[in-house]
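Let me begin by presenting the structure, written as structure tokens, before commenting on it.
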Amino acid sequence: MIVNFSIQNFGSIKDKQTLSFEADKSTHLEDTYVVNVGGHRVLKLALIYGANASGKTTILKALNFLRQLVIMPKRTKTDNLDFTPFLFDNYTKEQTSSISIEFIHNNVKYSYEIEFTREAIISEELNFYKPKRANVFRRTTNIENQFTEITLGNKIAIDKVSEKNLAANTLWNNTVFGGFLKTNIEIIELQEVVDWFRNFLKPLIYTKTVLNTYITDKIRKGEVTKSDVITILRKADLNISDIRFEEEKEDISEVLFDFLQQHDELDSKTIRLSDKAELVSVKTAFEHSVDNKSYMLPFDMESEGTKRYYGFAGLLAMMIRKPTAFSIDELESSLHPDLYLHFLLSFLLNSTQSQLIATTHNREILDDKDIFRNDVIWFTDKQNNSATQLYSLADFDSSVVRNTTNILNAYKSGKLSGTPNLGDRYIDLNK
């Protein structure tokens with residue numbers, strides 16, 4: 001589980017900002033929100049509120065960027081890293097950026113920090129705690145000759161040849177984990193971290209992410225059971241009693257077949273190549289039970305909310321079955337406020353060591369202290385220099401937020417910041 005996540009000079013974030021999942025001293029809704037793991041009280045949920053262009057999505061992008069750095073190394077030394085530093089400053093665009101994360105995996109705490117530019121990884125360091133702090137590796141990059149230098153900790157024992165091969169395979173724009181994935185060596189600590197990034201931390205889900213193809217693919221591979229998804233959909237009052245999949249095959253030319261094999265440019269995970277020159281697509285349909293009769297409805301004819309919640313049902317099934325972390329941009333998109341809240345509470349009440357990080361504009365949850373803790377509510381605020389400031393509702397002292405304070409009214413009135421600074425509504429286009 002994620003304990004802390006920090007970002008500096010990345011997108012709209014200029015100075016170091018930290019999203020923490022460490023629970024404060026409050027015992028409010030302890031059993032629902034807090035997981036005791038590795039000696040830490042870790043929260044399952046973080047909801048990020050803020051005005052448009054205040055940096056909410058940037059936080060999720062940074063986490064996803066870090067995941068890609070670890071498990072999807074660049075193939076050549078000339079590939080640039082896909083990010084931009086803070087640009088509204090004459091100095092930051094020339095400075096390095098950094099990301100750090102603390103997480104717990106198999107009851108062991110790890111801390112990982114990385115410093116980078118668009119061209120290269122400048123430095124990185126991994127430590128673990130069993131229970132005392134021990135270094136796994138330190139890495140620096142000689143920018144002049146584009147060469148990586150790695151120093152392994154005292155408790156990491158591999159032969160010199162393997163150590164040299166690891167350094168040689170760690171390109172200057174790859175992390176040490178990227179080099180490790182290209183090297184036939186065994187370092188348990190590195191493998192544990194790679195497994196955590198690959199299996200626990202999942203890709204960022206945007207509003208335009210086609211979730212149905214992702215979940216359908218998971219069901220067909222057996223990674224999510226259809227019965228789990230149907231059970232969750234029934235709880236959402238969508239009258240869905242079954243899900244059916246049908247394959248459709250389309251012949252394609254040998255030239256296009258070879259091209260797709262080489263470039264992996266398929267439209268979605270529910271479209272694949274067969275063993276011969278044909279595309280195989282999967283069509284999804286829902287069975288609805290109405291007045292004790294069953295009716296099939298093609299997926300494309302379902303409402304946008306039903307389509308979206310089919311994907312969410314799959315995510316929920318994954319998070320309930322095993323420890324998993326998802327980050328979701330604009331969680332409320334296409335969902336009724338009651339269904340939005342139903343999803344959150346279903347996650348909190350049924351998952352054990354999973355985590356959910358989401359940006360949102362849905363303020364209704366702030367109006368009910370019985371369903372949230374202050375330390376899971378976060379705000380982003382755009383400063384005068386256009387930089388993002390990130391802070392928690394728990395950061396406010398009792399002079400601003402008391403037990404009797406109506407949080408929604410405080411937020412709407414601007415006491416908590418994080419709201420748009422809008423001008424008047426009269427527009428003169430002739431000026």
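Quick notes on this one:
- Within the stretch 64-75, residues that are open to solvent by 20 Å² or more (accessible area, probe 1.4 Å) have Cβ atoms under 8 Å from residues that are among the acidic types (Asp, Glu) in these pairs: Gln68/Asp82, counting only partners at least 6 apart in sequence or on another chain.
- Filtered residue count, the stretch 39-61, keeping only those that are out of contact with any Ser or Thr (no Cβ under 7 Å at 6 or more places or on another chain), among the small types (Gly, Ala, Ser) and open to solvent by less than 40 Å² (accessible area, probe 1.4 Å): 1
- Among the residues making up the stretch 137-153, a single one is among the acidic types (Asp, Glu) and either closer than 14 Å to Arg75 by Cα or part of a loop (DSSP other than H, G, I, E, B) (or both): Glu144.
- Close Cβ contacts (under 6 Å, 6 or more residues apart or on different chains) running from residues in the stretch 215-241 that are basic (Lys, Arg) to residues that are crowded, with 19+ Cβ neighbours inside 10 Å and not in a helix (DSSP H, G or I) comprise Lys218/Val224; Lys226/Ile243.
- Yes/no for Leu63 being among the hydrophobic types (A, V, I, L, M, F, W, C), farther than 21 Å from Thr359 by Cβ and modelled with pLDDT of 95 or more: no
- The single residue among Asn90, Asn80, Asn52 that is in contact with a Lys or Arg (Cβ under 8 Å, 6 or more places away or on another chain), part of a loop (DSSP other than H, G, I, E, B) and not charged (D, E, K, R) turns out to be Asn80.
- The stretch 186-217 - residue that is part of a helix (DSSP H, G or I) and open to solvent by 40 Å² or more (accessible area, probe 1.4 Å) and, of those, farthest from Phe103 (Cα to Cα): Ile188
- Tabulated pairs, the stretch 370-381, first more than 17 Å from Asn4 (Cα to Cα), second among the polar types (S, T, N, Q) and open to solvent by 10 Å² or more (accessible area, probe 1.4 Å), C-beta under 9 angstrom, 6+ apart or interchain: Ile371/Thr32; Arg373/Ser26; Arg373/Thr32; Asp381/Gln389; Asp381/Ser417; Asp381/Thr419
- Among the residues making up the stretch 154-185, those that are assigned to a loop (DSSP other than H, G, I, E, B) and without any contact (Cβ under 8 Å) to a residue 24 or more places away in the chain are Asn154, Lys155, Ala157, Asp159, Thr183, Asn184.
- Taking the stretch 301-324 as the range and being of a type in the set (Phe, Trp, Tyr) and either farther than 12 Å from Ser346 by Cα or outside any helix (DSSP H, G or I) (or both) as the test, the residues that pass are Tyr309, Tyr310.
- Filter result for Gly11 (in contact with a helix residue (DSSP H, G or I) (Cβ under 7 Å, 6 or more places away or on another chain) and of a type outside the set (A, V, I, L, M)): yes
- Residue satisfying all of: in the stretch 4-34; touching a residue at least 60 places away in the same chain (Cβ under 8 Å), β-branched (Val, Ile, Thr) and surrounded by 21 or more Cβ atoms within 10 Å (Cβ to Cβ); nearest to Phe116 (Cα to Cα) among these: Ile7
- Considered as a group, the residues in the stretch 330-383 that are under 30 Å from Lys14 (Cα atoms), assigned to a loop (DSSP other than H, G, I, E, B) and among the acidic types (Asp, Glu) include one that is modelled with the highest pLDDT, and that residue is Glu330.
- Qualifying residue in the stretch 307-329 (condition: open to solvent by 10 Å² or more (accessible area, probe 1.4 Å), among the small types (Gly, Ala, Ser) and touching a residue at least 40 places away in the same chain (Cβ under 8 Å)): no
- Some residue of the stretch 283-298 being of a type in the set (D, E, K, R), at pLDDT 90 or above and closer than 28 Å to Glu332 by Cβ: yes
- One residue from Ile122, Ile114 being touching a residue at least 60 places away in the same chain (Cβ under 8 Å), part of a strand (DSSP E or B), on the phi < 0 side of the Ramachandran plot and open to solvent by less than 80 Å² (accessible area, probe 1.4 Å): Ile114
The values are calculated or read from the model by the stated rules, or taken from the named source; none is laboratory data. Keep in mind that what you see is a predicted model, and the values were worked out from it rather than measured. Please note: Cβ atoms are built from the backbone with ideal geometry, for glycine as well, and neighbour counts cover all protein chains shown. Surface accessibility is based on the protein's heavy atoms, side chains included, excluding ligands, DNA and RNA. Shrake-Rupley method; radii C 1.70, N 1.55, O 1.52, S 1.80 Å.
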